[in-house]
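The structure appears below as structure tokens.
The values are calculated or read from the model by the stated rules, or taken from the named source; none is laboratory data. As the structure is a computational prediction, the values presented were derived from the model and not from experiment. With ideal geometry, Cβ positions are generated from the backbone for all residues, glycine too; neighbour counts draw on all protein chains shown.
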Amino acid sequence: MGMVRLRDIASATGLSINTVSRALNGKPDVSPETRQHVLRTATRLGYRPNVVARNLRRQTSHTLGVVVPDFVNPFFAAVVQGIEAEARQRGYNIVLCNTSEDERLEAEALNILVEQRVAGILLTPVRTDARAVSELCGGPIPVVLIARDCPGLGLAAVLNDDAAGAYLAVEHLCSRGRSRILFVTAPFSNWSSLERYKGYSEALERQGVALVPERVIQVNPTSDAAYTTVKTALEDGVDFDAVFAFSDFVAIGVLRALKEANISVPDDVSVVGYDDIDIAGMLETPLTTVGVAKRRLGQEAARILIDRLADSDAGGAPGRVVLSPQLIVRDSV
């Protein structure tokens, strides 16, 4: 049998790599029962700590782990560009991991980064209640969240004011005479989706428009899923005169379904996206959307993380930055 690694012990015990590492290193936040379970398993598997590697890892690392849902999405591509620019300026490298909005892939990525002893982690979580994220709290590796929050964990975060952004979008639609607004959004386990729903709801209430549950549809936030969803809504006779989409990617799927149904945008149905990715202004009908400072999200998150690494003894509340969105008016409304 080859060299036994922390990952092997984690697999055998059913614990995370982070918990196994803390148990083996005698951290006080691990229960005696868990520590004994880990130690017995390590002994049974023949684990031998590599003292040389451990000493090297205890030196200052200059690698940051970056975990995002989809680095092909132009939104996250811009966020990563911001992270990389700040990291390079401060003498750090990055390791990039993609989760595809999958909790299992997220947990796997975080475990690998912990095992590699990166200096810190920048993360856009799949869910607000992800166990793998909560297990990092209080550990030796600092974490900063980007674009999505995990309320209650006390982690530093750089966020967009998604409730305000959604409010701007729906208020604009209402000002153009639209009142039957379909909201095609990500599952509410996604923090951004829940915040945008709050803004959607508040704007409707302020405008005196009733919120109809059938006009709120949660889908996997991809263009293809949005296309299928809107096509089905049209076939089912769902009545709407506007669509507020969770993202510009989602809006592209919406526009495709409307075009196939010979529904004119914006004459018959108005559409508003979110994020203001580059292609939004290049579509056949340039997309009205909510602009987000994508690159700055990444830069601010990297700055907070690296500042914390530079002063690990700094106390006080975790850093938290909330960026203001803006409405980008084009031709789809």
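Being under 15 Å from the mean Cα position of the chain (by Cα) and of a type in the set (A, V, I, L, M), is that true of even one residue in segment 191-199? Yes: segment 191-199 contains one or more residues that are under 15 Å from the mean Cα position of the chain (by Cα) and of a type in the set (A, V, I, L, M).
Hey, does segment 127-141 have a residue that's among the charged types (D, E, K, R), surrounded by fewer than 24 Cβ atoms within 10 Å (Cβ to Cβ) and closer than 16 Å to residue 289 by Cα? Within segment 127-141 (the criterion being among the charged types (D, E, K, R), surrounded by fewer than 24 Cβ atoms within 10 Å (Cβ to Cβ) and closer than 16 Å to residue 289 by Cα), the answer is no, since none of the residues qualifies.
One residue stands out among those in segment 65-109 that are of a type in the set (S, T, N, Q) and assigned to a helix (DSSP H, G or I): the one that is nearest to residue 278 (Cα to Cα), which is 81.
Under the condition of being more than 29 Å from the chain's Cα centre (by Cα) and of a type in the set (A, V, I, L, M), the residues counted in segment 10-29 number 3. Scanning segment 194-218 for residues that are part of a helix (DSSP H, G or I) and either of a type in the set (D, E, K, R) or surrounded by fewer than 21 Cβ atoms within 10 Å (Cβ to Cβ) (or both) yields 194, 195, 196, 198, 201, 202, 205, 206, 213, 214, 215. Applying the set (1) at pLDDT 95 or above; (2) of a type outside the set (Lys, Arg); (3) closer than 24 Å to residue 80 by Cβ to residue 170 leaves exactly one unmet item: (3). The set of residues from segment 110-160 being more than 20 Å from residue 187 (Cβ to Cβ) and part of a helix (DSSP H, G or I) comprises 110, 111, 112, 113, 114, 115. The set of residues in segment 220-245 being aliphatic (A, V, I, L, M) and surrounded by fewer than 21 Cβ atoms within 10 Å (Cβ to Cβ) consists of 225, 233, 234, 238.
Quick one: which of 278, 307, 248 is surrounded by fewer than 18 Cβ atoms within 10 Å (Cβ to Cβ) and in contact (Cβ under 8 Å) with a residue 40 or more places away in the chain?
On the way: 307 fails: in contact (Cβ under 8 Å) with a residue 40 or more places away in the chain; 248 fails: surrounded by fewer than 18 Cβ atoms within 10 Å (Cβ to Cβ).
Result of the check over 278, 307, 248: 278.
Of the residues 206, 196, 180, which is under 27 Å from residue 74 (Cβ atoms) and in contact (Cβ under 8 Å) with a residue 12 or more places away in the chain?
Working: 206 fails: under 27 Å from residue 74 (Cβ atoms); 180 fails: under 27 Å from residue 74 (Cβ atoms).
Only one candidate qualifies: 196.
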